[in-house]
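The next block holds one structure in the form of structure tokens; read it before the comments.
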Amino acid sequence: MAMRLGEKIGYGLGDTASSMLWKLFSVYLMFFYTDISGIDAWVVGVLFLVTRIWDSLLDPVVGLLCDRTHSRWGTFRPWLLWGALPFGVLGILTFYMPEWSSGGKVVYATVTYSLMMIVYSSVNVPYAALLGVMSADPHERTVLAAFRMAFAAAGSMVVVLAVEALVKAFRPWAGSSGSWIAAIAVVAVVAVLLFFVTFATTRERIRPVRTERHPVLGSLRDLLHNKPWLILAGAAVCLQVFNAFRESGTIYFFKYCVAGETVGTMSFAGVALTGSALFLAVGQLFNIAGIVLIPFAADRFGRRRTLVCALLLTAVFSFAFYFVRQGGYSLLFLAQALISLSVGGVLPLLWAMSADTADYAEQRSGRRDTGLIFSSYSMAQKMGWAVGSAATAWILSLSGFEANTVQSPAALTVIGCLQSIFPALAALGTCAFILFYPLADSRPK
């Protein structure tokens with residue numbers, strides 16, 4: 001039985017809520033800490049590294065707790081209901097900085113960001129796992145994952161385009177720091193309301209099989225013997241390394257390789273958007289197009305075959321970017337569109353296939369550990385992002401990169417490779433994992 005369109009939209013809006021705040025953290029939080037709050041950049045880097053590791057390790061714990069939650073609302077939906085408000089409040093507090101000493105500001109930033117990551121995991125992990133119990137049909141899961149990723153990309157685009165305008169609008173009466181708090185408060189309120197919508201419009205249709213005992217060690221052992229999940233986890237690490245290379249390197253590329261960051265700006269709501277912001281916005285737009293198209297391709301050719309083709313195209317277009325990187329804005333934006341279109345549907349397919357690995361585990365063990373499987377997959381993604389971000393910094397350092405100076409030819413070549421060669425290799429690594437995925441058309445056998 002096909003799910004109602006309203007339920008699919010309601011589910012997708014949950015990732016709009018998550019992605020709006022996550023995009024704020026990934027794009028603006030470092031700037032807020034260093035330029036607005038005056039915290040040393042090296043200290044901010046250590047803070048991010050520690051909290052990302054903590055956040056990654058927390059995900060499986062939340063997943064295990066979710067699997068052991070039983071209520072009249074189901075296993076995963078209650079976490080959305082009770083976690084939405086703390087999610088919004090801590091999002092605002094993360095972008096508030098008291099007038100304390102430098103050490104006090106570091107302590108405040110560490111505490112609030114760490115708490116934010118705890119609450120983020122406690123909402124996002126059950127939200128992701130909810131996909132695995134809303135339907136047992138592989139096609140419906142693919143469509144749900146597509147709705148999720150499309151609405152997430154839309155939320156990210158809205159934040160990229162709107163937050164600077166909100167900050168500018170609030171600055172006359174709120175000041176530099178207060179304008180950020182006001183802007184983030186608007187985003188946080190919207191996110192909280194969207195999580196409530198997701199809770200109200202979704203249903204859990206698959207109930208876990210009741211067993212006499214459900215020990216944690218048994219669940220972990222089953223996970224480590226789940227070959228399809230291990231393969232998807234490896235693919236997730238490689239895919240997030242791909243994303244980290246391209247997103248972390250974009251601003252460097254436009255600042256040092258494309259005749260300066262101020263070239264090619266345009267006005268949106270009275271705010272000048274830089275070339276890198278426009279480049280990222282184009283990527284989000286064509287990601288959405290890829291997400292919309294991927295369910296049709298998966299139905300026609302099968303999930304595994306579709307993934308392999310999409311990843312090979314992503315690698316080819318990424319390699320091609322290296323040769324057009326000095327060819328002007330038209331070629332750069334065309335290459336960005338093609339890369340984003342081809343890779344856009346990969347992540348939703350991987351999430352849909354993760355639900356199938358939960359079915360596979362249940363058939364083998366008689367236990368359904370949906371929360372653990374989805375949360376551990378989320379952990380693999382975050383580990384991949386951490387590895388990719390760290391590798392970007394190390395590669396830049398080894399190339400002789402020096403900030404705010406004219407770069408050497410070697411450094412310029414490496415910066416170009418961060419947008420092309422290195423992501424292409426990561427895409428091929430992702431493809432290699434998928435080639436060994438054992439579930440035909442993502443259906444457990």
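The values are calculated or read from the model by the stated rules, or taken from the named source; none is laboratory data. Keep in mind it's a predicted model, so treat the numbers as computed, not measured. Positions of Cβ are backbone-derived with ideal geometry, glycine not excepted, and every protein chain shown enters the neighbour counts.
Across segment 353-384, what is the number of residues that are among the aromatic types (Phe, Trp, Tyr), modelled with pLDDT of 80 or more and within 21 Å of the chain's Cα centre (by Cα)?
1
Sort out which residues of segment 71-86 are modelled with pLDDT under 90 and of a type in the set (A, V, I, L, M, F, W, C), and write them in order of number.
Those that are modelled with pLDDT under 90 and of a type in the set (A, V, I, L, M, F, W, C): TRP73, PHE76.
To keep it simple, each residue is scored yes or no on (1) modelled with pLDDT of 75 or more; (2) outside any loop (DSSP other than H, G, I, E, B).
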residue: VAL44; (1), (2): no, yes
residue: ILE53; (1), (2): yes, yes
residue: LEU65; (1), (2): yes, yes
residue: THR69; (1), (2): yes, no
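For the structure I just gave you, tell me whether ALA185 is small (Gly, Ala, Ser) and surrounded by 16 or more Cβ atoms within 10 Å (Cβ to Cβ).
Yes.
So that you can scan it fast, the table gives a plain yes or no per residue for (1) within 18 Å of LEU347 (Cα to Cα); (2) outside the structural domain of ILE39 (by TED's automatic domain parsing); (3) modelled with pLDDT of 80 or more; (4) of a type in the set (S, T, N, Q):
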site: LYS105; (1), (2), (3), (4): no, no, yes, no
site: ALA109; (1), (2), (3), (4): no, no, yes, no
site: MET116; (1), (2), (3), (4): no, no, yes, no
site: SER121; (1), (2), (3), (4): no, no, yes, yes
site: ARG141; (1), (2), (3), (4): yes, no, yes, no
site: MET149; (1), (2), (3), (4): yes, no, yes, no
site: VAL160; (1), (2), (3), (4): no, no, no, no
site: LYS168; (1), (2), (3), (4): no, no, no, no
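Is there a residue in segment 164-172 that is surrounded by fewer than 21 Cβ atoms within 10 Å (Cβ to Cβ), closer than 23 Å to ASN243 by Cβ and among the acidic types (Asp, Glu)?
Yes, some residue in segment 164-172 is surrounded by fewer than 21 Cβ atoms within 10 Å (Cβ to Cβ), closer than 23 Å to ASN243 by Cβ and among the acidic types (Asp, Glu).
What's the number of the condition THR250 fails, among (1) crowded, with 19+ Cβ neighbours inside 10 Å; (2) over 30 Å from PRO60 (Cα atoms); (3) at pLDDT 80 or above; (4) assigned by TED's automatic domain parsing to the domain that holds TYR11?
Result: THR250 fails condition (4) only.
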